[in-house]
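Novice: I'd like to ask you about the structure that follows.
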Amino acid sequence: MTPRIKRFRFEPMHGDQFRSFSGGAHIIVEMNDGHLVRRNAYSLMGHPAHVSSYMISVLRDDAGRGGSRFMHDQIRECMTVKISHPVNLFPPTFNATRHLLIAGGIGITPFVAMMEQLSLEHRPFELHYAARSRKDAAYANGIAEKFGPSINLYFSDTGPRLDIKKALAFQPLGTHLYVCGPERLIDDVVATATAEGWPKHNIHLERFMAAAIGTPYDVELSRSKKIVSVGTTQSMLEAIEAAGVDAPYFCRGGACGQCEATVVLCDGRLLHADHFLTEEVKASRTKVMPCVSRFEGEKLVLDL
Ligand code: FES
């Protein structure tokens, strides 16, 4: 694909089809990495109507916790890999009169399937896709060829750059805006759209966070009566799962709220990394999202 992006195609072991999905859906890929089990979310990229296989792309992050390195270095052709059913937290809104899609870098992935679906259903859309260079822009050529004038590409090395205000201008009433990519792009798009008077419910974003690397710590689970050690490159959720506790999740990226855990006792600092809890709730130290957040201090007890 590109030097840092690898594409993977999964085929079902039993039966000839996977479950159908809609544009914007993701799956969780399970990786048995030595003594750690990682579960990372990746957007499905294939055509939603073609479910004889699922396709994802993975950006290599050498400074990350190891999931993308594992995918790049350890996953080989014909290996058996466990994946989840698709979940969609970023679907297109079907009463929209038009769909305005803005992607930065690897944030293009959910839009590939979304554009296939919108195109199949004859729903009007346009994509603005910004990347560092054409070489870094996975899928730029393919989608430009396929969707022609609906695609607008911007490369920082050659210019021109994406002008968010211009992209948002003159959109018909009822247009819905979708953005996925680096934090800064998402913040800029949301701030510009808000300043330009776009209704909040017409703005959709996919902002999955990666769990951070950090100092090891213990967390006590009051209901399961277990003390779980969370390693440097492990998320709190992964450590809880490794201890045999079935904790809920959807996105594993601090966005959906599904993994929200109640804090029974916190003698230390919760390092919140999600985009779900409000600042007030974070300050109250009563809730934590174990998929991305960490802890520093003497004692943390969760109601799990
Ligand atoms: S699983 Fe979605 S916020 Fe944690």
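The values are calculated or read from the model by the stated rules, or taken from the named source; none is laboratory data. Just so it is clear, the structure is predicted and the values come from calculations on it, not from any experiment. As a convention, Cβ positions derive from the backbone with ideal geometry for all residues, glycine included, and neighbour counts pool all protein chains shown. For accessibility, only protein heavy atoms count, side chains too; no ligands or nucleic acids. Shrake-Rupley method; radii C 1.70, N 1.55, O 1.52, S 1.80 Å.
Novice: Around Gly142, under 14 Å between beta carbons, what's the net of Lys plus Arg minus Asp minus Glu among the other residues?
Specialist: +1
Novice: Got a number for the accessible area of Met55? Probe 1.4 Å, square angstrom, nearest 10.
Specialist: Estimated to the nearest 10 Å², Met55 gives 50 Å².
Novice: Summing Lys, Arg as +1 and Asp, Glu as -1, what charge do residues with Cβ under 15 Å from the Cβ of Thr175 carry, Thr175 excluded?
Specialist: Surrounding charge for Thr175 is +3.
Novice: Further, regarding this structure: What is segment 164-252's relative contact order, in percent, from Cα pairs under 8 angstrom and six or more apart in sequence?
Specialist: 20 percent
Novice: May I ask you to compute the full-extension gain from Glu145 to Asp73, defined as 0.36 nm times their residue separation minus their alpha-carbon distance, rounded to one decimal in nm?
Specialist: Working it through step by step, the gained length comes to 22.8 nm.
Novice: When the dipole is taken about the Cα centre of the chain, and only Lys, Arg (+1) and Asp, Glu (-1) are charged at their Cβ, what size is it in debye, to the nearest 20? Intermediate results must be reported in sequence, preceding the final value.
Specialist: Numbers: 34 positive and 33 negative charges, 69 e Å.
With Lys and Arg at +1 and Asp and Glu at -1, about 320 debye.
Novice: Set the bar at 21 Å for Cα to Cα. Now go through Lys225/Lys287; Lys6/Lys82; Lys225/Lys299; Lys82/Lys287 and name every pair that lies beyond it.
Specialist: Lys82/Lys287
Novice: Top to bottom by accessible area (1.4 Å), largest first, where do Met114, Met1, Met13, Met209 land?
Specialist: The ordering from most to least exposed comes out as Met13, Met1, Met209, Met114.
Novice: Among Gly214, Gly67, Gly34, which one shows the biggest mean-square fluctuation in a GNM of the chain, springs joining Cα atoms closer than 10 Å?
Specialist: Per the Cα network of the chain with a 10 Å cutoff, Gly34 tops the list.
Novice: Show Lys165, Lys299 ordered by accessible area, largest first, where the area counts protein heavy atoms only and the probe is 1.4 Å.
Specialist: Details: Lys165 115, Lys299 85 Å².
The ordering from most to least exposed comes out as Lys165, Lys299.
Novice: Say the dipole of the chain comes from +1 at the beta carbon of Lys and Arg and -1 at that of Asp and Glu; which of Gly197, Pro172, Phe250 then lies farthest toward its positive end?
Specialist: Checking the options against the dipole of the chain, the answer is Pro172.
Novice: Now for a different question. Can you pull the accessible area of Thr97 for me, 1.4 Å probe, Å² to the nearest 10?
Specialist: Rounded to the nearest 10, that gives 70 Å².
Novice: Let me ask something else. Given q = 0.21, 0.30 Å⁻¹, what are the Debye log10 I(q)/I(0) values for segment 158-209, with equal point scatterers placed on the Cα positions and solvent ignored?
Specialist: Log-scaled intensity ratios, in q order: -0.77, -1.33.
Novice: How much accessible area does Glu280 have with a 1.4 Å probe, in Å² rounded to the nearest 10?
Specialist: Its heavy atoms expose roughly 130 Å² to the probe.
Novice: Based solely on its DSSP helices, what 222 nm [θ] is calculated for the chain when runs of n ≥ 4 H residues each add -39,500 (n - 2.57) and the sum is averaged over all residues, nearest 500 deg cm²/dmol? Don't skip to the end; give the middle numbers.
Specialist: Numbers: 7 runs with 59 residues, N = 304.
-5500 deg cm²/dmol, from helical runs alone.
Novice: In addition: Based on the Cα atoms of segment 180-304, what semi-axes does the equivalent ellipsoid have, where each is the square root of 5 times one gyration tensor eigenvalue, given in whole Å with the largest first? Provide the component values of the computation, followed by the final result.
Specialist: Working: eigenvalues 177, 40, 34 Å².
Semi-axis lengths for segment 180-304 are 30, 14, 13 Å.
Novice: What is the percent carbon and sulfur in the accessible area of the chain, measuring with a 1.4 Å probe over the protein chains and ignoring ligands?
Specialist: Here carbon and sulfur together make up 51 percent of the probe-accessible area.
Novice: Counting other Cβ atoms within 10 Å of each Cβ, which chymotrypsin sites (Phe, Trp or Tyr not before Pro) in segment 159-265 have at most 12 and sit in a DSSP loop?
Specialist: Hits after loop and neighbour filter: Phe170.
Novice: Right, next: At R0 = 41 Å, how high is the FRET efficiency between Ala243 and Arg134 if r is their beta carbon distance? Nearest 0.05 is fine.
Specialist: Efficiency, from the Cβ-Cβ distance: 0.35.
Novice: Expressed as a rounded percentage, what relative contact order does the chain have, with Cα pairs under 8 Å and six or more residues apart?
Specialist: 15 percent
Novice: So what's segment 74-188 giving for Cα Rg divided by 2.2 N^0.38 Å, two decimals?
Specialist: For segment 74-188, the normalised Cα radius of gyration comes out at 1.15.
Novice: Once the Cβ-Cβ distance between Asp303 and His201 is put in as r, and R0 is 25 Å, what FRET efficiency do you end up with, to the nearest 0.05?
Specialist: So, using R0 = 25 Å, E works out to roughly 0.20.
Novice: OK, next. Take the Cα gyration tensor of segment 69-113, multiply each eigenvalue by 5, square-root it, and list the three semi-axes largest first, rounded to whole angstrom.
Specialist: Semi-axes (√(5λ), whole Å): 30, 15, 8.
Novice: I need the per residue convex hull volume for the chain, using only the alpha carbons, in cubic angstrom as a whole number. Could the numbers behind the result be given before it?
Specialist: Numbers: hull volume 43.7 nm³, N = 304.
Taking only Cα atoms, the chain has a hull volume of 144 Å³ per residue.
Novice: For Ala212, what is the net charge nearby, where nearby means another residue's Cβ is under 13 Å from its Cβ and Lys, Arg count +1, Asp, Glu -1?
Specialist: -2
Novice: Could you state the principal axis extents of the C-alpha atoms in segment 44-138, from the largest down, to the nearest angstrom?
Specialist: 43, 33, 21
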